[in-house]
1. Amide H neighbours of residue 462 under 5 Å, at least 5 residues apart or on other chains, H built in the peptide plane: list them.
2. Where the eigenvalues come from the Cα gyration tensor of region 44-159, what are the semi-axes √(5λ) of the equivalent ellipsoid, largest first, in whole Å?
3. Please work out the Kirkwood hydrodynamic radius for region 95-236, using every pair of different C-alpha atoms, and report it in angstroms with one decimal place.
4. Given points 7 Å out from each Cα along the Cα-Cβ axis, report the residue 56 to residue 506 separation in nanometres with one decimal.
5. Between beta-carbons, use under 12 Å as the cut-off and find the net charge around residue 140, counting Lys and Arg +1, Asp and Glu -1.
6. Across 5 Å bins from the origin, how do the percents of Cα pairs in region 60-103 run, short distances first?
7. If amide H atoms are built 1.01 Å from N in the plane of the peptide, which residues on other chains or at least 5 residues away come under 5 Å of the amide H of residue 473?
8. Once you charge only the Cβ atoms, +1 for Lys and Arg and -1 for Asp and Glu, what is the size of the charge dipole of region 67-221 about its Cα centre, to the nearest 20 debye?
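The values are calculated or read from the model by the stated rules, or taken from the named source; none is laboratory data. These figures come from a predicted structure and were not determined experimentally. Heads up, the Cβs are rebuilt from the backbone with ideal geometry, glycines too, and the neighbour counts pull from every protein chain shown. The protein model used for the area step is the full one, side chains on, heavy atoms only, and it has no ligands, DNA or RNA in it. Shrake-Rupley method; radii C 1.70, N 1.55, O 1.52, S 1.80 Å.
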Amino acid sequence: MAKGASLMRDTSRTGSLSWRVRVALMLLTAVAVATVFVTNRYLTDRFTESTRNRAELRLALYSGNLVSELRRNAIVPQLLARDPALIGALNSGDFSQSSQRLISFVDEIGAASLMLLDRDGRTVAATNRERLGEQHRNDAYFVEALRSNATVFTSQREEVGSFNFSYSRRIESQGQSIGVIVVEVDLAKFERAWAGISDAVLVTNSEGEIILATEPRWRGQTIATALERQPADSAIERAIRATADWTALPADAYFQGEAVMRIEGRIPFRGWNMVSFTTYASVRERVNAVLALEIMGFAILLALAFYALSRKTALRMALFQRESAELRALNQRLQREIAERERVQETLAVAEQTLAQSSKLAALGEMSAAVSHELNQPLAAMKTYLAGAKLLMRRNRAEEALAAFSRIDDLIERMGGITRQLKSYARKGQEAFSPVNMGDALASSLSMMEPQLKSRKVKIAKILPEDKVLVMGDRMRIEQVMINLLRNALDATKTVSDPQLEIILASGETATLTIRDNGHGIEDLDELFEPFYTTKQPGDGVGLGLAISSGIVNDLGGRLLARNAEGGGAVFEMQLPILNDQTQAAE
């Protein structure tokens, strides 16, 4: 009986405890929901207000910059309309120096462009020389400027959709209108600057038409038309958006399906207005971060409560033991896999060493072939100079013979340099570059090839610039490329009765050396720069000259190109980065 009563009391206590626990959990859940709701409302209002204040501050800054740019350009036509040089050019009809004078002004003024129109509306001077001769008789900035005694501001929509803003003023001489000066204002730079921010910004004129906007498709429309909603979203998309925006206040507008707050400001210029659309993304992120912390805290409390009420300790211990056994087995498998991977890595290291040794052997073979090819040219030149020196010695012309011996000494030095350069194929980047005059290198290369050119009686036409053409590189390697190109051009004209070479050295964005021959042309352009590809007879070459030359030019940061000329023959171009102040600073 006593045991039964005790069991009943324990059961009653257990039931009472279970009821209390359920009530406590319900109260904790209610407190959590109320806390999250209040926190959401309070933080949303606070962060939204701070975001709106920052957006208003940015809008005021944008508006001030826009007005400052307009006012700065407004005074320019009044000053240029009194310029004696422009008035004299309109009276005399001599506009040879007018465009240059406008160009000298545009950098100081900061305007987009300047145009000088005569009394017929024809462009007689402009900073953009492509606009010379254009007719603007019917354009508003020309017509209104002739009718007004003051500076006229006009905005005109272009075919591409953007707007052109300009100030214009007529130019008078002796009480008569002789032309109009037009100053185009570059307001598009503000659009480009606004495009780098997250807000969408637009500017409307007094008629409500959008004239500047971060969205190009808005130009020329009204705000209502620009913000028209796209076709109705699907139910799933609407549900996702509602879930994402649940912490935001009612939206002022929707941009690309996203809720945004709308900030408007008046621009003190011809009734213009500026509007910005700021997303609630930052507000949602900050609010959700706090809410996540709160929810996490309540979740931890609930987890601790459930853990404290758990009565399945024995089952959990058994589960932990079983998991421990599985982890031990997994650990053993991982150890076996690690040992297997180590064996594979050792095998891979042996294979890599074998491959490296094979690559070294291949490089040695290629270097020996390159030495054989590159030394043929100095040896042939030395043979010619030696024959000439013997003949000069027989004729008692010792000074000329000494000059020939001096050239032979230079050739021997060049052969040593070639062998040193061939080492760079195995170890690149150890030689320091220096400024190289392409004209001097070309002259040295032609001097090297002088015996072959004289023996073949080749007609050479050279076009060289007056100024120096400088590149950053190794002069010996550049001369090596030039000699290879000259040698190939000389070989290509063996079957031509009147061999001709045309050499052009030009400088622009790159330093370009062009060598054209009147030979038979190139049969296979795709394999031209491949090693050991040659069209010469056996013994005349091994097909490494162009491959080596292409590698040298690529190492110097340039390109070696080849094509067939329209009138016959082949054209080779060596392009290297030009050396100027900027590249010197970069180096």
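1. 503
2. Ellipsoid half-lengths, sorted descending, are 39, 15, 13 Å.
3. 17.2
4. Modelled inter-label distance: 6.1 nm.
5. With Lys, Arg at +1 and Asp, Glu at -1, the neighbours total +1.
6. The calculated distribution, bin by bin, is 5, 19, 19, 16, 12, 10, 8, 6, 3, 1.
7. So residue 473 has HN proximity to 434, 436.
8. Roughly 260 debye, rounded to the nearest 20.
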